[in-house]
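*Asks:* My structure is below; once you've seen it, I'll send some questions.
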Amino acid sequence: MHLYHHLLCFQFPSARSYYSGQYNETRFYVLHQDFLRYVRNRFLKSNNLNKRYWPIVRPTNGAFSLFVALHACDKVSAYGFITEDYKKYSNYYFEKHLQSKVIFFANHDLVMEKNLWKQLHDKNIIKLYQRTESQGNNCHCPCIKAKTTTIHGK
């Protein structure tokens, strides 16, 4: 195991060397655990927290990212998050030729997150990009083309 760890250290550079010259400590957010708890308890309190496997239940990283954006930005657009017609599309927004199914694991309540994203969209709190059948797996999201700051799910 020690040798394996050593090999991994040599294969993958540190963030500082990977981003060489781009590294700037002022560009990073460190989330306090109370913020994560606040997001979970106020907006994403899953009924799965009342089940025997409650210790593994948490919102997705995309959900936390979206809430960071909502707290830090005036306008938030989201693409790649689960929507009502998720069964028609691939699990990951970037998969163009592969149709992998969404798997609902116990640790994330994706249905609850899907419903919350729709509510926030309907109340004009976020702009949730939702594909139509005619778009299929092609991204028509202006955030990709315009290179604006947008939070992508999963």
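*Asks:* Report yes if some residue within the stretch 96-118 is of a type outside the set (A, V, I, L, M, F, W, C), at pLDDT below 80 and touching a His at 6+ places or on another chain (Cβ under 8 Å); otherwise report no.
*Replies:* no
Conditions tested, residue by residue: (1) within 12 Å of Leu116 (Cα to Cα); (2) not β-branched (Val, Ile, Thr).
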{"site": "Leu36", "(1), (2)": "no, yes"}
{"site": "Arg42", "(1), (2)": "yes, yes"}
{"site": "Ser46", "(1), (2)": "yes, yes"}
{"site": "Trp54", "(1), (2)": "no, yes"}
{"site": "Thr60", "(1), (2)": "no, no"}
{"site": "Val68", "(1), (2)": "no, no"}
{"site": "His71", "(1), (2)": "no, yes"}
{"site": "Phe81", "(1), (2)": "yes, yes"}
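*Asks:* Answer yes or no as to whether Ile125 is within 19 Å of Ser46 (Cβ to Cβ) and either of a type in the set (Val, Ile, Thr) or not in a loop (DSSP other than H, G, I, E, B) (or both).
*Replies:* Here the answer is no, as Ile125 does not meet what is asked.
*Asks:* Of the numbered conditions (1) at pLDDT 75 or above; (2) outside any helix (DSSP H, G or I), Tyr23 satisfies every one except a single condition; which is it?
*Replies:* Answer for Tyr23: the failing condition is (1).
So that you can scan it fast, the table gives a plain yes or no per residue for (1) in contact with a strand residue (DSSP E or B) (Cβ under 7 Å, 6 or more places away or on another chain); (2) charged (D, E, K, R); (3) assigned to a loop (DSSP other than H, G, I, E, B); (4) surrounded by fewer than 19 Cβ atoms within 10 Å (Cβ to Cβ):
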| position | (1), (2), (3), (4) |
| --- | --- |
| Tyr38 | no, no, no, yes |
| Lys45 | no, yes, yes, yes |
| Asn48 | no, no, no, yes |
| Arg52 | no, yes, yes, yes |
| Leu66 | yes, no, no, no |
| Ala78 | yes, no, no, no |
| Phe81 | yes, no, yes, no |
| Glu84 | no, yes, yes, yes |
| Lys87 | no, yes, no, yes |
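Residues checked against (1) within 15 Å of the chain's Cα centre (by Cα); (2) of a type outside the set (Val, Ile, Thr); (3) over 18 Å from Tyr129 (Cα atoms):
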position: Tyr38; (1), (2), (3): no, yes, yes
position: Leu49; (1), (2), (3): no, yes, yes
position: Val76; (1), (2), (3): yes, no, no
position: Thr83; (1), (2), (3): yes, no, no
position: Lys96; (1), (2), (3): no, yes, no
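The values are calculated or read from the model by the stated rules, or taken from the named source; none is laboratory data. Please read all numbers here as calculations on a predicted model, not as lab measurements. Using ideal geometry, Cβ is built from the backbone for each residue, glycine included, and neighbour counts are taken over all protein chains shown.
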